[in-house]
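This report refers to the structure that appears directly beneath it.
The values are calculated or read from the model by the stated rules, or taken from the named source; none is laboratory data. Just so it is clear, the structure is predicted and the values come from calculations on it, not from any experiment. Here the Cβ is made from the backbone with ideal geometry for all residues, glycine too, and neighbour counts use every protein chain on show. Areas reflect the complete protein model, heavy atoms only, side chains present, ligands, DNA and RNA absent. Shrake-Rupley method; radii C 1.70, N 1.55, O 1.52, S 1.80 Å.
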Amino acid sequence: MPRDRPAPDLPEPLAPLIDSHTHLDACGATDAASVAEIVDRAERVGVGRVVTVADDLAAARFAVDAANWDPRVYAATAIHPTRANVLDDATKAEIERLAGDPRTVAVGETGLDYYWPGKLEGCATVEEQVEGFRWHIDLAKRLRKPLMIHNREADHDLLAVLLDEGAPETVIFHCFSSDANMAMACVEEGYVLSFSGTVSFRNARELHEAAKLVPDDQLIVETDAPFLTPHPFRGAPNEPYCLPYTVRALAHTRGQDPLELAQASTATARRVYRI
């Protein structure tokens with residue numbers, strides 16, 4: 001994670017907010033005290049709860065630990081699609097155990113990533129990703145928990161797998177980054193779209209158009225920290241406390257009052273995650 005710029009100043013508070021997708025371990029948290037420090041900083045600007053998300057087995061264990069250390073933290077556990085080639089029986093059993101923890105509110109992040117195969121050494125093949133995605137869909141349905149999706153350059157195939165398997169009751173597209181056509185397809189299926197700092201980027205014109213189409217009750221917000229720091233802080237480290245910057249940018253794009261959007265997205269997140 002590049003850290004060639006200083007961390008952003010704390011934004012003007014905007015409450016209530018829930019960071020629906022962050023990575024506290026990648027933000028530097030290692031124990032209960034460091035988790036509390038990051039969440040305290042977020043709470044000072046109105047971000048009262050966070051969902052910390054796993055992309056491998058170690059991160060899944062940490063996410064559940066963090067959620068049990070601090071009542072403001074919830075977990076989502078899965079194996080990232082680029083790592084789907086590690087899903088042997090033992091790993092599946094451990095992910096299933098962690099996903100079943102009462103503090104785990106979603107199975108994720110899982111899905112399909114067509115950008116990295118052939119570029120990233122050891123990356124799971126498309127076939128391995130599809131197999132892993134199908135397994136996570138089944139797990140979410142068996143546990144009756146939301147499915148949190150990572151989608152990169154795989155719109156058509158991802159929707160096809162969901163249709164073929166039968167989607168869980170609740171599906172969340174984390175860091176939605178597709179166009180208006182994909183947004184409408186997801187909205188029509190009843191899926192929830194989560195917007196990150198990318199919606200603040202000035203060159204993200206297709207994403208801006210997509211963001212205008214999502215009803216309040218199918219929209220949540222996230223940082224994906226420490227990644228995707230919102231404009232004008234790209235290149236600086238991201239944390240959950242930066243969420244108000246993204247919400248204000250998203251509200252501007254949608255022609256919406258920021259406080260109204262904060263309240264609506266929080267109500268949706270509470271309903272989706274049952275928190």
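Tally Lys/Arg at +1 and Asp/Glu at -1 over every other residue whose Cβ is under 14 Å from the Cβ of LEU139; what's the total? The answer is -2. In the elastic network of the chain, a GNM with C-alpha springs shorter than 10 Å, the most mobile of PRO117, PRO16, PRO168 is PRO117. Within straight cross-link reach of LYS92, meaning Cα distance under 30 Å, which lysines are found once same-chain residues fewer than 8 apart are removed? The reachable lysines, counting only those whose Cα sits under 30 Å from LYS92, are LYS119, LYS141, LYS145. For region 78-174, the convex hull spanned by the alpha carbon atoms encloses 87 Å³ per residue. Extension gain for GLU12 to GLU169 (0.36 nm times residue separation, less C-alpha to C-alpha distance): 52.9 nm. The eigenvalues of the Cα gyration tensor, multiplied by 5 and square-rooted, give region 198-275 an equivalent ellipsoid with semi-axes of 20, 16, 10 Å from largest to smallest.
Here the accessible area of the chain is 49 percent carbon and sulfur, with a 1.4 angstrom probe and all protein chains present. Over 27 Å, how big is the tail of the calculated P(r) for the chain, in percent of all Cα pairs? Value for the chain: 32 percent of Cα pairs lie more than 27 Å apart. For region 18-124, the Cα gyration tensor yields ellipsoid semi-axes of 26, 16, 11 Å (square root of five times each eigenvalue, largest first, whole Å).
Computed log10 I(q)/I(0) for region 1-55 at 0.22, 0.25, 0.30, 0.31 Å⁻¹: -0.96, -1.15, -1.26, -1.26, from the Debye equation with unit scatterers placed on every C-alpha and solvent omitted.
Computed over the chain with a Gaussian network model linking Cα atoms closer than 10 Å, the most mobile of GLY118, GLY166, GLY108 is GLY118.
The mean accessible area for residues of the chain, using a 1.4 Å probe and ignoring ligands and nucleic acids, is 42 Å² per residue. The calculated P(r) of region 172-231, using every Cα pair and 5 Å bins from 0, goes 4, 21, 33, 25, 13, 4, 0 in percent. With helices as the sole contributors, the chain gives -12500 deg cm²/dmol at 222 nm; each DSSP H run of n ≥ 4 counts as -39500 (n - 2.57), and the sum is divided by every residue. Solvent-accessible area of THR198, all protein chains in place: 20 Å² (probe radius 1.4 Å, heavy atoms, ligands and nucleic acids excluded).
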